[in-house]
Amino acid sequence: MKRLSTVILAFALFGGVLVAQRAENRLIDAVSSYNNGDFARSRAMLKILVQAEPGNDAAYYYLGLCEAALNQTDEAVVHLKRATELDPKNYWYRQRLADIYQLKGEYGLVIEMDEQLLKDFPDKIDIHYDLVNLYLQSQQYEKALASLDAVELVAGPSEQVTRMRYEVLRTLHRDDEALAALEDFNRRYASVPILSTIGDFYLSEFRDSLALASYEEALGLQSDYVPALLGKSEVYRTRRQYPAYFETLRTFVGSPTVPAESKSMYLSNVTRSLDPAFVRRYLPEFDGLLEGALACHPADSTLLQTAGFYYYATNRKEEARGFFEKNLSSHPGSLSATASYVEALAYLEDWQALKEQTEKAMGSFPEESAFLEYNSMAAFNLKDYETVIRNAETILLRHPGDSARALRAWSTIGDMQHSLGREKESFKAYDKALKINKDYAPVLNNYAWYLCQGGKRLKKAAQMSRKTIESEPDNATYLDTYGWILHLQGKDAEAKPVFKHAMLYGGKESPVMLAHYAEVLYKLKEYDLAKHYWMQAIKINNGEVVNLEEKVRKKLEAVGKW
């Protein structure tokens, strides 16, 4: 009997060890799944584990992390809070809970947790910085300043803390204190970034001599420091000392240590933001800046694109084309370079070159639908409507479940079929588009217009057209279509206010609309007003209305108004 009880006791002790080991192994497996990104599997294992071991803080912690990764933030909060309750001194448990609160936008709770964490872990610099940002976000500027003081006590003075303090003080309009903070740091450490910021302060206060002195001092320590160079150039620009302005910028663009991206960004922004008249006046100087940048980085794609857009914006289209071509030849496999060249050809309206280039691009980048659309643009302008139809059919095949693309594709097919004289096929395509969206105004308008051309099915055309002006009552094109259909139905009195409204929203810029309105007025025997609008139409007509002047002369002669 004694021997048996010893065996039972030994088994019980050994069994307890086995249970603990199995729990530890399950936790290790769950953490491994978490680390491998299998959050759902890890979560399922951990839920079983916390039920078996409700005191396992690590299991609750990883369960919370899994739920956070699965965007189940409410559940994550519950389980991370449980982990912190089981082990309230664990920094990481509390930090991750604060992270989840921040993810949920509960910034008050984050601040509360971080403040408590600092009491327990006063040397954690990250918490100080987190609190500074949270205080700034919640506009608690005095607390932000106090936190910056605490950071300096722990880690010592730094440029980052000094600049943050400067920004906070400027926000509070305590400008003298802000400047003093910069100057005090610079006296002790002679900092190039801080000197440049001092220059920015003086420049914002229109104290250009002091700004220039600060920038010069910064550049004396580091001759290629970009913010100081650009600040110095801005001083010269505001003083209208343009030779010095461009000389400083030449130093900037010619520096091999300044990244090409920085040069490109600056040149792009400055040529867009400055007065176009100023850019034109100093065109050789701006050209020289681009040339200087390209001399340092002759094959840089970003700079070549910047040069291309700059020359296009300054109305030198062939030079622009040359830069885009050079960019593509320097980077033949680049999607960005190809896209820029394609866009440039579209801007230049070189439809043949655009068609050829997009055909190459579609072979190199078959997944990029934009090249297909540019190819259709080129084909349309070349009156190659068959290609436009084929491209639209390709879009339908590539995107079988995309109703928005299908709607545009069937609409395009309908337009192109009509341009090819295939009315039946055109109307079939429009019907398919309207099955996707029965209120799609562009299709309704075109369908109605083409229906009324032969003077047939005017009732159906009117119903379609009315829907367009109900959805877009100020669209002159839609108003013109509806007004003309009313005219064809003999309802000129109803058509007149429709055309009158169209005149207020761009109709006077179209010889077609003006001529239509004049026709309605003529039918209503308002001959003088009809003549007025016909004369306006003749004045701006550029072949859009064939033989307009001759037709008008005959009509007005018939009523003695020519």
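Quick notes on this one:
- Its alpha carbons give the chain an Rg and a Dmax of 36.6, 137 Å.
- Shape call, segment 252-294: gyration tensor on alpha carbons, a/c limit 1.5: oblate
- Theoretical FRET efficiency, 1/(1+(r/R0)^6), r = Cβ-Cβ of Asp38 and Cys296, R0 60 Å, to 0.05: 0.80
- Evaluating 6.51 cos²θ - 1.76 cosθ + 1.60 at θ = phi - 60° for every residue in segment 62-74, the Karplus couplings come out as 5, 4, x, 5, 4, 5, 5, 5, 8, 6, 9, 5, 5 Hz, glycine and proline recorded as x.
- For His399, His516, the sequence from fewest to most other C-beta atoms within 10 Å is His399, His516.
- Modelled this way, with points 7 Å down the Cα-to-C-beta line, the labels at Asp74 and Lys539 are 6.8 nm from one another.
- Value of relative contact order over segment 434-545, rounded to a whole percent, pairs C-alpha under 8 Å and six or more apart: 18 percent
- Report summary: the helix-based calculation at 222 nm, which adds -39500 (n - 2.57) for every DSSP H run with n ≥ 4 and divides by the residues of the chain, gives -26000 deg cm²/dmol.
- Summed residue charge, Cβ within 11 Å of Thr84's Cβ, Lys/Arg positive, Asp/Glu negative: +2
- Given +1 at the Cβ of Lys and Arg, -1 at the Cβ of Asp and Glu and no other charges, the dipole of the chain around its Cα centre is 2680 debye to the nearest 20.
- Net dipole in debye of segment 510-562 [+1 Lys, Arg Cβ; -1 Asp, Glu Cβ; about Cα centre; nearest 20]: 140 debye
- Helix 107-120 and the long axis of the chain differ in direction by around 20°, with both axes built from C-alpha atoms.
- Dipole in debye (nearest 20) - segment 410-491, about Cα centre, beta carbon charges: Lys, Arg +1; Asp, Glu -1: 480 debye
- Selection from Ala361, Ala339, Leu397 lying farthest towards where the dipole of segment 312-439 points positive, charges on Cβ: Leu397
- Contact order for segment 329-380, expressed relative to its length and based on alpha carbon pairs under 8 Å spaced 6+ residues apart, stands at 35 percent.
- Legend: calculated FRET efficiency, Tyr505 to Leu397, from the Cβ-Cβ distance at R0 = 45 Å, rounded to 0.05, equals 0.70.
- Crossing angle, helix 260-273 versus the chain [Cα axis fit, 0-90 degrees, rounded to tens]: 50 degrees
- On Cα atoms only, tilt of 91-103 relative to the major axis of the chain in degrees: 20 degrees
- Backbone HN-Hα couplings from phi across segment 484-496 [Karplus 6.51/-1.76/1.60, Hz, Gly and Pro as x]: 5, 5, 4, 4, 5, 7, x, 9, 5, 4, 6, 6, 4
- Each of Arg187, Arg94, Arg408 has some number of other Cβ atoms within 10 Å of its Cβ, and from fewest to most they run Arg187, Arg408, Arg94.
- When segment 289-438 is described by a simple charge dipole with +1 on each Lys and Arg Cβ and -1 on each Asp and Glu Cβ, the residue from Leu328, Tyr374, Ala295 located farthest towards its positive end is Tyr374.
- Prolate/oblate/rounded call for segment 423-491, Cα gyration tensor, a/c under 1.5 rounded: oblate
- Per-pair calculated FRET efficiency, R0 = 30 Å: Ser138 and Ser273 via Cβ, rounded to 0.05: 0.35
- Tensor-based shape of segment 383-432 (alpha-carbon gyration tensor, a/c under 1.5 rounded, otherwise prolate or oblate): oblate
- Selected from Pro157, Ser255, Val168, residue furthest toward positive end of dipole (segment 147-272; charges at beta carbon): Ser255
- Relative contact order, percent, the chain [alpha-carbon distance under 8 Å, six or more residues apart]: 3 percent
- Taking other Cβ atoms within 10 Å as a rough exposure proxy, Cys66, Cys296, Cys452 sort from fewest to most as Cys296, Cys452, Cys66.
- Other residues lying with their Cβ under 12 Å from the Cβ of Arg174 contribute a combined charge of -3, Lys and Arg counting +1, Asp and Glu -1.
- Straightening the chain between Glu177 and Arg316 buys 45.0 nm, computed as 0.36 nm per residue apart minus the Cα-Cα spacing.
- Couplings 3J(HN,Hα) for segment 518-534, derived from phi with the Karplus relation 6.51 cos²θ - 1.76 cosθ + 1.60 (θ = phi - 60°), are 4, 4, 5, 4, 4, 5, 7, 6, 8, 5, 5, 5, 4, 4, 4, 6, 5 Hz, where x marks Gly and Pro.
Values quoted throughout were computed directly from the atomic coordinates according to the rules given, and no laboratory measurement underlies them. Remember, predicted model here, so these are calculated numbers, not experimental data. Every residue, glycine as well, gets a Cβ built from its backbone with ideal geometry; the counts of neighbours run over all protein chains shown.
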